[in-house]
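Here is the structure we will look at, set down as structure tokens.
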Amino acid sequence: MRLILIGPPGVGKGTQAQHLQELLGIPHVSTGDLLRSAVQEGSPVGREAKGYMESGRLVPDDLIARLLAERLDRRDAAQGFLLDGFPRTVAQVEALDRLLAARGSTIDLVIALSAPEVEIVRRLSGRRVCPKCGAVYHLDNLPPASSGVCDACGTPLVQRSDDTETVIRERLRVYGEETLPVTEVYRERNVLAVVDGSDNAAVVASRLTEIVKGS
Ligand code: AP5
């Protein structure tokens, strides 16, 4: 299955992608994670992307499309994948169309998660991540067993540099302007399912399970 999870920052795409990856046995391809790894490595792509990410703007379409093409060429993505964070602009939809056409495939399903803005800001402000293994926590909803330390690897947790209130507002603005039109493209293609993501993670996961099993 070739699936896209779309939705505003902090709505729970990464959280639900973990669930869907296990359910469907396909790789979770997050362009945010790919970019953060590139930044951490200090690669040329990472150096170019850093400033955009820290201010909540989108990195240029051609840069992210190249990064995605390289990732989809890996063997584990041959039979299907779950995209999280791509496409985020109409130009990226077109780039993805070209990439898939060259591989003789198309997108099967696009799931759009939604939640009220106040909940999104609460989720992002309370998010803490492990800089070593990438595990994601929340101060109230999903705290680690031992305060401030990753359950999986014992590393001290950090706050993402784009999870400050000013940058969160900018990311939400960019989402409304650049990414909402993407959902309309997929609605017109009749592959869009809209899911209420405002309940707790287990409830949202069961909604997603129902949709992917029925598609
Ligand atoms: P990216 O990493 O993709 O960030 P995002 O889309 O803003 O999404 P997030 O990762 O912040 O949130 P999420 O929806 O995954 O939420 P999560 O599950 O963690 O992109 C970062 C940046 O990279 C962009 O701003 C841009 O600069 C660049 N970029 C990336 N892709 C690009 C592209 N295609 N083009 C151009 N630039 C690109 O959950 C959030 C918190 O809430 C967690 O603490 C979690 O525990 C908690 N939580 C989750 N679900 C629930 C629930 N149901 N109830 C309660 N709490 C919950």
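Bear in mind that the values in this text are calculations on the coordinates, not laboratory data. What you see is a predicted model; the values in this text were computed from it and never measured. Note: ideal-geometry Cβ built from the backbone for every residue, glycine included; neighbour counts use all protein chains shown.
Across segment 1-66, counting alpha-carbon atoms alone, Rg and Dmax equal 13.2, 35 Å. Remark: relative contact order (segment 1-132) = 45 percent; criterion is Cα-Cα distance under 8 angstrom and separation of 6 or more residues. Each residue in LYS50, LYS132 was given a count of other beta-carbon atoms within 10 angstrom of its own, and listing them fewest first yields LYS132, LYS50. Relative to one another, the C-alpha centroids of segment 29-57 and segment 72-96 are positioned 17 Å apart. Summarising the strand pairing of segment 1-155, around 25 percent of its internal DSSP beta bridges are antiparallel. Put simply, the amide H of VAL149, placed in the peptide plane, has neighbours under 5 Å in LEU157, leaving out anything fewer than 5 places away on its chain. Ranking of ILE111, ILE211 by neighbouring Cβ atoms within 10 Å, starting from the fewest: ILE211, ILE111.
Sorted ascending by nearby beta carbons within 10 Å, beginning with the fewest, CYS153, CYS130 become CYS153, CYS130.
Scoring 58-68, 28-38, 200-210 by mean Cβ neighbours within 10 Å over their residues and listing the highest first yields 28-38, 58-68, 200-210. Its residue count N sets the reference 2.2 N^0.38 Å, and the alpha-carbon radius of gyration of segment 65-142 equals 1.40 times that reference.
With the simple spin-label model, which puts each label point 7 Å out from Cα in the Cβ direction, the GLU188 to MET1 separation comes to 2.6 nm. Highest-first packing order for the peptide set 94-103, 138-147 is 94-103, 138-147, based on the mean count of other beta carbon atoms within 10 Å. Distant-in-sequence amide contacts of HIS138, defined by a placed amide H-H separation under 5 Å and a gap of 5 or more residues or a different chain, comprise ARG128.
Between LEU99 and LEU180, the simple spin-label model (points 7 angstrom out along Cα→Cβ) gives 2.6 nm. Remark: relative contact order (segment 97-215) = 32 percent; criterion is Cα-Cα distance under 8 angstrom and separation of 6 or more residues.
Considering only GLY80, GLY14, GLY51, the mean-square fluctuation computed in a Gaussian network model of the chain, springs between alpha carbons under 10 angstrom, is largest for GLY51. Estimated from the Cβ-Cβ distance and a Förster radius of 30 angstrom, the FRET efficiency linking TYR52 and ASN141 is about 0.60.
How large is the direction-averaged shadow of the alpha-carbon convex hull of segment 34-177, in nm²?
9.8
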